[in-house]
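K.L.:
Below you will find the structure I want to go over with you.
The values are calculated or read from the model by the stated rules, or taken from the named source; none is laboratory data. Since the model is a prediction, treat every value here as computed from it, not as a measurement. Cβ placement follows ideal geometry from the backbone for every residue including glycine, while neighbour counts extend to all protein chains displayed.
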């Protein structure tokens with residue numbers, strides 16, 4: 001089961017968090033992925049694999065001292081948890 005939630009940023013960009021819950025070997029596990037939509041754009045992209053975004057935005061940040069690009073640069077743990085909880089509310093047993 002999956003669920004998506006879009007978070008709007010002050011700069012006009014948006015971040016889509018997609019979470020899923022799955023069971024493997026009788027253990028429940030959560031997964032998630034994020035996609036970014038820049039302001040004034042219709043295109044959603046993965047910020048970790050989109051070459052144009054990496055060259056335009058991330059390369060200058062690395063040159064200024066950023067060590068690693070992580071999910072924390074795009075979405076907060078609270079936003080991920082909020083999305084997970086919305087999914088849980090939809091699927092939890094009564």
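K.L.:
For the structure I just gave you, tell me whether residue 80 is in contact with a helix residue (DSSP H, G or I) (Cβ under 9 Å, 6 or more places away or on another chain) and in a helix (DSSP H, G or I).
P.N.:
Spelling it out, residue 80 is indeed in contact with a helix residue (DSSP H, G or I) (Cβ under 9 Å, 6 or more places away or on another chain) and in a helix (DSSP H, G or I).
K.L.:
Please determine whether any residue of region 25-33 is out of contact with any helix residue (DSSP H, G or I) (no Cβ under 6 Å at 6 or more places or on another chain) and outside any strand (DSSP E or B).
P.N.:
Within region 25-33 (the criterion being out of contact with any helix residue (DSSP H, G or I) (no Cβ under 6 Å at 6 or more places or on another chain) and outside any strand (DSSP E or B)), the answer is yes, since at least one residue qualifies.
K.L.:
Failed condition for residue 87, given (1) surrounded by 14 or more Cβ atoms within 10 Å (Cβ to Cβ); (2) at pLDDT below 90; (3) touching a strand residue (DSSP E or B) at 6+ places or on another chain (Cβ under 8 Å), with all others met?
P.N.:
(2)
K.L.:
Kindly indicate which of 11, 69, 40 is touching a helix residue (DSSP H, G or I) at 6+ places or on another chain (Cβ under 8 Å) and either in a loop (DSSP other than H, G, I, E, B) or in contact (Cβ under 8 Å) with a residue 60 or more places away in the chain (or both).
P.N.:
69
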